[in-house]
1. For segment 555-565, check the following and say yes or no: at least one residue is touching an Asp or Glu at 6+ places or on another chain (Cβ under 6 Å) and either assigned to a loop (DSSP other than H, G, I, E, B) or free of Cβ contacts under 8 Å to residues at least 40 places away in the same chain (or both).
2. Which condition does N467 not pass, out of (1) part of a helix (DSSP H, G or I); (2) more than 24 Å from the chain's Cα centre (by Cα); (3) surrounded by fewer than 23 Cβ atoms within 10 Å (Cβ to Cβ); (4) touching a residue at least 40 places away in the same chain (Cβ under 8 Å), if it passes all the others?
3. Before we move on, is D241 acidic (D, E), over 27 Å from Y311 (Cβ atoms) and open to solvent by 40 Å² or more (accessible area, probe 1.4 Å)?
4. Restricting the first residue to segment 492-515 and requiring it to be assigned to a helix (DSSP H, G or I), which pairs with a second residue that is of a type outside the set (D, E, K, R) meet a Cβ separation below 6 Å and a spacing of at least six or different chains?
5. Determine whether V205 is touching a strand residue (DSSP E or B) at 6+ places or on another chain (Cβ under 7 Å) and β-branched (V, I, T).
6. Among the strands (runs of 3 or more DSSP E) lying completely within segment 118-177, list those that include at least 3 residues that are within 27 Å of R73 (Cβ to Cβ) and modelled with pLDDT under 95.
7. Only one residue in G262, G280, G288 is within 30 Å of Q580 (Cα to Cα) and open to solvent by 30 Å² or more (accessible area, probe 1.4 Å). Which one?
Amino acid sequence: MRITLFLMFIIFVSLPATFLQGQEVTKSIINNSVMIPSVYSNMHTDAEGRLYIEDDGERYYKRETAPDYTLTRMTGEPTGKASGIAFDFKDPKFEGKLVYGLIPYGDSKHPYPVYFNTSASIEKGKCFVDIAGELSGRYDMVGWEDTGKGTLGYRVVSKFGHYFYDGKVSFIAGPVFQVDTTVMEGPFVNLLHSEGATISFKTNVETVCHVKVGGHVFSDDKPVFQHEIEVSGLKPNSRYDYQVLFGSNQQQYHFKTAPKPGSRTAFSFGYASDSRAGNGGGERSMQGTNFYIVKKIMALASQQGVAFCQYTGDLISGYATEREEIDLEYANWKQAVSPFAHYLPVVATMGNHEALIYYFEKKGTTKKFRVDQFPFETKSAEAAFADHFVNPHNGPISEDNSAYDPDRTKIDFPPYDETVYYYTYDNVAMIVLNSDYFYAPSVSSYPESSGNMHGYLMDNQMEWLKNTIAMLEKDEDIDHIFVTQHTPAFPNGGHVGDDMWYGGNNNKRPYLAGKSVEKGIIERRDEYLDILVNKSTKVVAMLTGDEHNYCRTEIGPDTPIYKDDYPEEKRLKLSRTIYQINNGAAGAPYYAQEETPWTAKTSGFTTQNALVIIKVDGPSLQMQVLNPDTLEEVDEMKIR
């Protein structure tokens, strides 16, 4: 999760004096009301403190919203009552039903609720589950009547049949039931290495929790809701049972430590992206995510014995204007992977649908502006993402002090922390990029507001990528490097008009403080390819998404990568061949194939749902692609 302000302070004080000189964390203040980063243009506040963008003398005001469906509201704020648990959704207009059932922890490796044969009606925003009256006797398969404890799983469904949220609440039985300390999200295995991992989870109350593993107990430093407990001192490539101790409760799972770096043991990992809500209703559209296909993908990954899974962007539907909207969607995605992520790392990063935006509009016009929210440290899409996930802290800091930084005396860009990073497993390195950093969805069409565009990798991230690959090239323990970013360098169906191509139009580029950056999208794509192909011998593939299909594209000296009219002197010559493996088929609505200059080098195209499995055995790499719904093989290839 996002680095704390204290840790940010430590990072800043450890930076060279040349970087620190003149730096200020505060933003420029307009009318003492709204802090507007100087990287944005034509943005102001009026006398009443309302934020607007001015264009051609017209004011486009920020849309003010009050979301109906938020994470806090959809949990129902459970409270204990005589014989059961009451739920209050804080909305007298909300009606639907609560599907519920006991969760038999210990009965299954992957604990899910076993739903009861009836549901509770939500009327005027409230409902009640009579645990003592309905889930006792022959329906008490968890033994709560004997132990006095249990956990209820519940699903919030609207009167129209839309699924909003899957929740959990632990309880203590008695004449009046009590809500017990509950693990609401997780536990998840994160930051796996050869001597340990970090176990993360969220509880319903601030409390000190513990993880017991290998005969040792590791604990929080203080009472918190979000727990990140580092486990260390273990043996490489070894399975360990671990217990999560919370309140007077515990859950037990296991994980396997990574091999010692460079051991070159055989293993496999999974890859997918684009699991945002799909079509078909029910679990295929669980308020932001295709819960059904995500579960299928994780079940298949677990059955195939993968060491970890990489998910690269568009986990959720996003494009939210309120933080608690996106919190709800992230919570649903995490609930979908959770029963399997108790045992193996599921590593995620951002796509364009993770956008958390300010929306500017004017009545009677179709022109609209959308930009990343600020203050960036706390309200941006990047900050929201980092709050929900536990990823490495080894990426770049931000785009401050880059060539196009409009004011080097201030911090005017979002943080990269936990959205750009790398990690290793045995002889494989995974470099994770954020190709939707500082994303302003409208800037490609309306640059007046400024912001970054879909698919453009900015200068400091590119410099970090170059340096990271150079470092890994020298690492004798690493044989294979994968680079993953949400947007394909070579789109094939659905995003040929943008991604890293924009129909071959190099005029497309970000605008910062009202000025276009020097290099267009094709130039930037070529610099990216030069680093991956010409300046590396270990990069074997890009893992991409965004387009809701699976295919693979051969990228090499014979691959056509330009429009016919692109200047010959600007064309990059590639020295070797790598692959772009696109798998945006994790549940989002499909895109069909389109014609591109590299169509002849693209194969295996399908709109089936897919899980890519990369099998690593020392110097060799084999890819198998399976449909998680039908279990049929979609594609296979020897990469090395």
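The values are calculated or read from the model by the stated rules, or taken from the named source; none is laboratory data. Because the structure is a prediction, the values reported are computed rather than measured. Glycine gets a Cβ as well: all are built from the backbone with ideal geometry, and neighbour counts include every protein chain shown. The area values use the complete protein model at the heavy-atom level, side chains included, leaving out ligands, DNA and RNA. Shrake-Rupley method; radii C 1.70, N 1.55, O 1.52, S 1.80 Å.
1. Scanning segment 555-565, I find no residue that is touching an Asp or Glu at 6+ places or on another chain (Cβ under 6 Å) and either assigned to a loop (DSSP other than H, G, I, E, B) or free of Cβ contacts under 8 Å to residues at least 40 places away in the same chain (or both), so the answer is no.
2. The single condition N467 does not satisfy is (4).
3. no
4. Y502/I521; G503/G497
5. no
6. Because the criterion is at least 3 residues that are within 27 Å of R73 (Cβ to Cβ) and modelled with pLDDT under 95, no strands (runs of 3 or more DSSP E) in segment 118-177 meet it.
7. Numbers: G262 fails: open to solvent by 30 Å² or more (accessible area, probe 1.4 Å); G288 fails: open to solvent by 30 Å² or more (accessible area, probe 1.4 Å).
Going through G262, G280, G288 in turn, the sole match is G280.
A quick yes/no check of all residues on (1) over 18 Å from Y439 (Cα atoms); (2) in contact with a Lys or Arg (Cβ under 9 Å, 6 or more places away or on another chain); (3) open to solvent by 10 Å² or more (accessible area, probe 1.4 Å):
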residue	(1), (2), (3)
H495	no, no, yes
N507	no, no, yes
K515	no, no, yes
I521	no, yes, no
E527	yes, yes, yes
N534	yes, yes, yes
